[in-house]
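Structure, as structure tokens:
Computed from the coordinates by the stated procedures, all read-outs in this text should not be read as laboratory data. Predicted model, so just to flag it, every value in this text is computed and none were measured. Cβ: placed from backbone, ideal geometry, glycine included. Neighbour counts: every protein chain shown.
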Amino acid sequence: MDILGIDLGGSRVKLGIVDAGRVKELKVFPISHGLPMGAVLDAIEAQAKGMAGIDRCKGVGFAYPGIVDMQNQRVLCINDKYTDAAETDFSRWAKKRFGLELLMINDAAAALCGEMTYGAGRGFDSGALLMVGTGVGTAAWSQGRLLTGKHGAMGIMGGHIAIAHEQPRKCTCGNVGCLEAYAGTWALQGLSREHPGFEQSVLRGAERIDYRALAAGCDAGDAVCKDVFDGVCRALCTGAANLVHAYDPQVLVFSGGASRINGLRTAIQAHLDRYCWTTWGHVRVAAAENPEASVALGLSSLFEMR
Ligand SMILES: [Zn+2]
């Protein structure tokens, strides 16, 4: 069954036409920060209607970067992104503009569904996701099902589990000491600028301080990049161990832009092997198989499961 999968990120939208684990078309386009939800939906509709297979689609899957009440198909909570999303009736929009039924879910949760069904988590009963992009997204899977909890928030708050309590850094969520405040791409700029050697670092002239810039600086022998990268790596290791202790996964799927940086996945694997209380065996840290399409694949799997 072909579905249209919509993966709404902070700066770009990915559209996929997917059928039971097979991506038939994938389209990515940028989205301006601060647009109202109505304008975002108009842009999505225009782009989707230009896709060759749109007329064959039997449903619309929508992955949203916030807390989603899956039962009522509504956005419950947003964090600095698309602030009018909670008042938007997405089901009505899908019906009116495409004549199709909508299924809505958090983006990290959708990515984990995709990886557990068709990707790195295939063959495992339980898993967790650590997805590092602008923020840090997580999700958890147990006995062949996505964990959702009462409000759709179970498993997805791992980026906001605190990893520091002494002089903790402020997070965008209102809490302090969150994993995301130490390892989300948005935090790298502040972490770098606070380093006493910043003025002498290659990062000072960088257009954008992200994981790629940090990794390039490390390769060039820049001391500030190495210090910041070490700190980020320790934060991700601590966060990954917290996920393992919280959800008892067999596999931890590592995804997002940062997962492509050499050495991070192996550092997390070594940390879990050494420090996690998993006497029954090691948790496998696996790179996402389809980082570009796992959300669309997950949306497809949700329709298949219904
Ligand atoms: Zn937070």
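Once you reduce segment 135-152 and segment 158-212 to the center of their Cα atoms, the two points are 26 Å from each other. Dipole check for the chain: with +1 at the C-beta of Lys and Arg, -1 at the C-beta of Asp and Glu, and the Cα centre as origin, the magnitude is about 400 Debye. Arranged from fewest to most other beta-carbon atoms within 10 Å of their beta carbon, ILE78, ILE6 become ILE78, ILE6.
Each eigenvalue of the Cα gyration tensor of segment 123-287, multiplied by 5 and square-rooted, gives one semi-axis; in descending order these are 29, 17, 13 Å. Considering all different alpha carbon pairs of the chain, the Kirkwood hydrodynamic radius works out to 19.8 Å. For the pair GLN200 and GLN143, the difference between a 0.36 nm per residue extended length and the Cα-Cα distance amounts to 15.4 nm. Listing SER32, SER300 from fewest to most neighbouring C-beta atoms within 10 Å gives SER32, SER300. Counting every other Cβ atom within 10 Å of each residue's Cβ, HIS165, HIS195 order from fewest to most as HIS165, HIS195. Note on segment 2-112: the C-alpha convex hull projects to 6.2 nm² when averaged across all orientations. Where a Cα-Cα gap under 25 Å defines reach, which lysines qualify for LYS95, not counting those fewer than 8 residues away within the same chain? Straight-distance partners of LYS95: LYS14, LYS24, LYS27, LYS49, LYS58, LYS81.
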